[in-house]
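Take a look at the structure below.
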Amino acid sequence: LLHGFGFEVVAEGVETSKESSLLFNLGCDHAQGYLFSRPLPALEFQELLK
C-alpha cells in the first residue's frame, strides 16, 4: 500500500533472520532491530562506522 504512495517500508523490531527474510519477501525495503545491532553508546557507534 505505501509503495503506491511513493513511500519506502521500514520494519522495526526484527530479531531473527527468519523474520527478516519474511519481511523482505513481503516487500519491506528496510529493517531494523536486534538482529542487526543492539543499542550502542555513541563512541562505539562511531567506531562501527569507521
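In the condition set (1) touching an Asp or Glu at 6+ places or on another chain (Cβ under 8 Å); (2) at positive phi, residue 6 is compliant with all but (1). Within the stretch 1-20, how many residues are surrounded by 10 or more Cβ atoms within 10 Å (Cβ to Cβ), aliphatic (A, V, I, L, M) and over 11 Å from residue 33 (Cβ atoms)? Total meeting the criteria: 2. Note on the stretch 21-38: residues that are over 11 Å from the mean Cα position of the chain (by Cα) and assigned to a loop (DSSP other than H, G, I, E, B) total 3. Residues in the stretch 28-44 that are over 12 Å from residue 14 (Cα atoms) and either in contact with a Pro (Cβ under 7 Å, 6 or more places away or on another chain) or among the small types (Gly, Ala, Ser) (or both): 1 in all.
We did not get these values from a lab; they are worked out from the coordinates using the rules stated. A quick note: this is a predicted structure, and the numbers were derived from the prediction, not measured. A quick note on method: Cβ atoms are made from the backbone with ideal geometry, for glycine too, and the neighbour counts reach across all protein chains shown.
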